[in-house]
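Let me give you the structure first, and then I'll get to my questions.
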Amino acid sequence: MARAMMRRLVFGLIAVTGVAVLAFLLEFVVPGDPARAIAPRAQSAAVLANIRAQLHLNQPLVVQFASYFGNLLHGDLGMSYVQRQPVAALIGPRLADTGALALAGVLAEVLIGGTLGVLAARHDRVRAAVGAVNLVLLAVPVFVLGLVLLLVFGYQLGLAPVAGGAGPAQIVLPALTLGLIGAPWYAQIVADQVQEALASNWVRTAVGKGLRDGYILRRHVLRNVLSPVLTMAGMDLGSYLSGVVTVEVVFVWPGIGLLAYNALQNLDRPVVMGTVIVGAVAVVAFNLLADLARMLADPRAREEA
Amino acid sequence: MAGRPAGRRPWQLLAGTAVLAAFAALAVAAPLAGSPLRPDLTRGLTPTGLPVGPSARYPLGTDLLGRDELARLAYGVRVSLTVAIASNIASIAIGAAVGLVAGFFRGPAEQVLMRLTDVGLALPYTLAGLVIAAIMPAGLTRVIVIITALFWSYPARLVYGEVLRLRRRGFVEAGEAMGASGLAVVRRHLLPQVTSLMLAYSPLNAASAVAFEATLSYLNAGINPPAPSLGNMISDGQAAITYRPLLVIAPGLAVMALTLAFLLVGEGMKTRDPDARRLSWLGR
């Protein structure tokens, strides 16, 4: 198991390095001059040349890459062109807000999807209804659902704040949006797994032994459901941490996604690169954690590894 | 239909096709609805400069600039359908080629291609889409390139798995034992199977493409104003959400209905074709 985790860790590091290299190269593909972005109204060529020298943009590409990478290893993501602050300092506080939203969203989707899934597995009629709900939820783009929730609960009913910002009242609608969008996946997996477990020999044996229903459900059914749900929740957490751009834009939630969106509108490349790299780290780290959690919860996964 | 046993066609397929046909008609007839770009400053706006509500002249009312919302919707649907078709074909063609090569020829090509596919599957779509958008001029081409670049990896994975499964089957081994060249085996034995799998996958892929186009355009990373797209119409309409929610709801419903129609066609094909049953919208 330790060896399998090491292998994955190495693959993860390679992936993050790849993203970092891509992000660096991107700087040179994006049209536009960073010096112009910093000093849009600068008239003299000397000023622009000065800025380029300050950013080491007049150095050969290899030298620039080496210093960029060295800084990266020290946690230095560079300076924002527009906000004149270290990128890491911009991302740091927003990471907490995005983290809160990601956690609330994953919790919501596990709860909504899990409930739908267990209901669907127990009754055939409900299964058809849940299938229809799933299909509709799958067809709604995130931002449309977000706007509809905002319109109904925010503007019409006045139950939720519409102003944006991060807080316990503001988190409800964006988390619900993520939860509803993610729920079909969980519902489907939970329904399949519960049905499979209920039809299995071990559950029949457990029933034959005269074990209580609640115990069978906990010990023999839900245990089997747990492993794929954990994997999916971990992966979702990672991908939400990399910025739930659309939801953050709709609800003006001040997280990494909104930061990346604004930075792209402003051609603030260091910030874009920083968010992409932090996002990649989040995705890789949480995929690893999801694997680890699955191995701890499911002996079969330990054997596979 | 005479001779055909009742109930052979799943209702999902019929319903989905009907909705798609209606949208296609709307897209083709778009010029009849009027100009999507010209503001009507006399009858398209109230005396105080607000958009007007639905009327005989403007069935869906006008947008904030006094432009015909129905005409914009029709042209927006045109964009959605074009993107769905073009990026669907491109991403599936690339994905199938990658999966076939990796699965059939194995070796180093397999390693490189499948690791690339893994990276593609792990990318956060929206963020990656925004980044590609930053390096291209706005427009239809940008949307199609972004969607193709992000959507090829899933079909690649599907085809790769299918080829690995087929390779162990008798007919492929027999073909190889008879001395058929690799290319001949791919063409005669693998391609037909892979084609039917990809045909079954394409409506699901198209559904995702429609939704993602709307998302990109909503985020200013796809079709940019003044050209209409369902996504940027929603983004424009947001400013009027308190007093004219129809400007958000109409394009929002259109995106949803289009996506749902593609999903239904996919579901319908799934119940018809036993091969496709393994496929599910869970893939995305």
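The values are calculated or read from the model by the stated rules, or taken from the named source; none is laboratory data. Since we're looking at a predicted model, the values are computed, not measured. Ideal geometry is used to build each Cβ from the backbone, glycine not excepted, and the neighbour counts take in all protein chains shown. When the accessible area is computed, the model is the full protein with side chains, heavy atoms only, and any ligands, DNA or RNA have been set aside. Shrake-Rupley method; radii C 1.70, N 1.55, O 1.52, S 1.80 Å.
Which residues, taken from the stretch A:248-273, are open to solvent by less than 20 Å² (accessible area, probe 1.4 Å) and farther than 20 Å from A:ALA100 by Cα?
Correct list: A:ALA263, A:ASP268, A:PRO270, A:VAL271, A:VAL272, A:MET273.
For the stretch B:232-245, name all the residues that are open to solvent by 10 Å² or more (accessible area, probe 1.4 Å), more than 11 Å from every other protein chain (Cβ to nearest Cβ) and of a type outside the set (Gly, Ala, Ser).
Within the stretch B:232-245, B:ASP236, B:ARG244 qualify.
Residues in the stretch B:124-153 that are away from every other protein chain (no Cβ under 13 Å) and open to solvent by 30 Å² or more (accessible area, probe 1.4 Å): how many?
So the answer is 5.
Of the residues in the stretch B:162-180, how many are in contact (Cβ under 8 Å) with a residue 40 or more places away in the chain and not aliphatic (A, V, I, L, M)? Don't jump to the end; show me each part of the working.
To start, the set of residues in the stretch B:162-180 that are in contact (Cβ under 8 Å) with a residue 40 or more places away in the chain comprises B:162-164, B:167.
This time we only want the ones that are not aliphatic (A, V, I, L, M), so: B:162, B:167.
Within the stretch B:162-180, residues that are in contact (Cβ under 8 Å) with a residue 40 or more places away in the chain and not aliphatic (A, V, I, L, M) number 2.
Yes or no: B:LEU121 of a type outside the set (D, E, K, R), in contact (Cβ under 8 Å) with a residue 12 or more places away in the chain and open to solvent by 30 Å² or more (accessible area, probe 1.4 Å)?
Working: of a type outside the set (D, E, K, R): yes; in contact (Cβ under 8 Å) with a residue 12 or more places away in the chain: yes; open to solvent by 30 Å² or more (accessible area, probe 1.4 Å): yes.
Criteria met by B:LEU121.
Another question, if that's okay. Of the residues in the stretch B:42-51, how many are in contact (Cβ under 8 Å) with a residue 12 or more places away in the chain and in a loop (DSSP other than H, G, I, E, B)?
The initial filter retains those residues of the stretch B:42-51 that are in contact (Cβ under 8 Å) with a residue 12 or more places away in the chain, namely B:43-45, B:50-51.
Subsequent filtering for residues that are in a loop (DSSP other than H, G, I, E, B) retains B:43-44, B:50.
Of the residues in the stretch B:42-51, 3 are in contact (Cβ under 8 Å) with a residue 12 or more places away in the chain and in a loop (DSSP other than H, G, I, E, B).
Which residues, taken from the stretch A:242-255, are facing another protein chain (nearest Cβ under 8 Å) and assigned to a helix (DSSP H, G or I)?
Hits for the stretch A:242-255 are A:VAL245, A:THR246, A:VAL249.
So, in the stretch B:254-284, exactly how many residues are open to solvent by 50 Å² or more (accessible area, probe 1.4 Å) and at pLDDT 95 or above?
Going through the stretch B:254-284 one residue at a time, the tally reaches 0.
Moving on. Could you list all residues from the stretch B:227-266 that are aliphatic (A, V, I, L, M), without any contact (Cβ under 8 Å) to a residue 60 or more places away in the chain and assigned to a helix (DSSP H, G or I)?
If we filter the stretch B:227-266 for residues that are aliphatic (A, V, I, L, M), which is where we start, we get B:227, B:230, B:233-234, B:239-241, B:246-250, B:253-258, B:260-261, B:263-265.
Those still in the list that are without any contact (Cβ under 8 Å) to a residue 60 or more places away in the chain too: B:234, B:241, B:248-249, B:253, B:256.
Hits for the stretch B:227-266 are B:ILE234, B:VAL248, B:ILE249, B:LEU253, B:MET256.
Here are some residues: A:LEU258, A:LEU237, A:LEU264, A:LEU292. Which one is over 30 Å from A:TYR155 (Cβ atoms), in a helix (DSSP H, G or I) and within 14 Å of chain B (Cβ to nearest Cβ)? Even if it seems obvious, please write down each step before you answer.
Working: A:LEU258 fails: over 30 Å from A:TYR155 (Cβ atoms); A:LEU264 fails: over 30 Å from A:TYR155 (Cβ atoms); A:LEU292 fails: within 14 Å of chain B (Cβ to nearest Cβ).
Criteria check complete, one pass: A:LEU237.
Which pairs have Cβ atoms under 6 Å, sit 6 or more apart or on different chains, and link a residue in the stretch A:135-151 that is farther than 16 Å from B:ALA214 by Cβ to one that is outside any helix (DSSP H, G or I) and open to solvent by 20 Å² or more (accessible area, probe 1.4 Å)?
Pairs found: A:LEU151/B:PRO245.
Let me ask something else. Can you tell me which of (1) exposed (fewer than 13 other Cβ atoms within 10 Å of the Cβ); (2) within 20 Å of B:ALA254 (Cα to Cα) is the one B:ASP63 doesn't meet?
Status for B:ASP63: all satisfied but (1).
Let me ask something else about it. Residues to consider are A:VAL152, A:VAL110, A:VAL136, A:VAL162; find the one that is at pLDDT 90 or above and within 14 Å of another protein chain (Cβ to nearest Cβ). Quick ask: steps written out before the conclusion?
Numbers: A:VAL110 fails: within 14 Å of another protein chain (Cβ to nearest Cβ); A:VAL136 fails: at pLDDT 90 or above; A:VAL162 fails: at pLDDT 90 or above.
Testing whether each residue is at pLDDT 90 or above and within 14 Å of another protein chain (Cβ to nearest Cβ) leaves just A:VAL152.
Within the stretch A:74-91, count every residue that is under 19 Å from A:ALA166 (Cβ atoms) and either charged (D, E, K, R) or at pLDDT 90 or above (or both).
Selection size over the stretch A:74-91: 3.
Any idea which of (1) open to solvent by 10 Å² or more (accessible area, probe 1.4 Å); (2) within 22 Å of B:GLY53 (Cα to Cα); (3) away from chain A (no Cβ under 12 Å) is the one B:SER229 doesn't satisfy?
(1)
In the stretch B:102-118, how many residues are farther than 21 Å from A:GLY18 by Cβ and open to solvent by 50 Å² or more (accessible area, probe 1.4 Å)? Reasoning before the result, please.
So in the stretch B:102-118, the residues farther than 21 Å from A:GLY18 by Cβ come out as B:103-107.
When the remaining residues are screened for being open to solvent by 50 Å² or more (accessible area, probe 1.4 Å), the result is B:105-106.
Total satisfying the criteria: 2.
If only one of A:LEU22, A:LEU9, A:LEU48 is open to solvent by less than 70 Å² (accessible area, probe 1.4 Å) and either in a helix (DSSP H, G or I) or out of contact with any Pro (no Cβ under 6 Å at 6 or more places or on another chain) (or both), which one is it? First the steps, then the outcome.
Working: A:LEU22 fails: open to solvent by less than 70 Å² (accessible area, probe 1.4 Å); A:LEU9 fails: open to solvent by less than 70 Å² (accessible area, probe 1.4 Å).
Being open to solvent by less than 70 Å² (accessible area, probe 1.4 Å) and either in a helix (DSSP H, G or I) or out of contact with any Pro (no Cβ under 6 Å at 6 or more places or on another chain) (or both) holds for just one of A:LEU22, A:LEU9, A:LEU48, which is A:LEU48.
Please work out which residue is least open to solvent (accessible area, probe 1.4 Å), limiting yourself to the stretch A:58-91 and to residues that are farther than 19 Å from A:ILE38 by Cβ and either of a type in the set (S, T, N, Q) or without any contact (Cβ under 8 Å) to a residue 24 or more places away in the chain (or both). Spell out how you get there, then give the answer.
Initially, the stretch A:58-91 is screened for residues farther than 19 Å from A:ILE38 by Cβ, giving A:60-63, A:65-66, A:69-70, A:72-75, A:91.
Among the residues that remain, those that are also either of a type in the set (S, T, N, Q) or without any contact (Cβ under 8 Å) to a residue 24 or more places away in the chain (or both) are: A:60, A:62-63, A:66, A:70, A:73-75.
On the way: A:PRO60: 80, A:VAL62: 114, A:VAL63: 70, A:ALA66: 63, A:GLY70: 26, A:LEU73: 141, A:HIS74: 157, A:GLY75: 46 Å².
Here the answer is A:GLY70.
Next up: Quick test for you: out of A:ALA206, A:ALA128, A:ALA175, pick the one residue that is over 19 Å from the mean Cα position of the chain (by Cα), outside any loop (DSSP other than H, G, I, E, B) and within 18 Å of A:GLY113 (Cβ to Cβ). Walk me through it before giving the result.
Details: A:ALA206 fails: within 18 Å of A:GLY113 (Cβ to Cβ); A:ALA175 fails: over 19 Å from the mean Cα position of the chain (by Cα).
None of the others qualify; the one that does is A:ALA128.
Working only within the stretch A:209-240, note down all residues that are under 18 Å from A:GLY105 (Cα atoms) and not aliphatic (A, V, I, L, M).
Correct list: A:PRO228, A:THR231, A:GLY234, A:ASP236, A:GLY238, A:SER239, A:TYR240.
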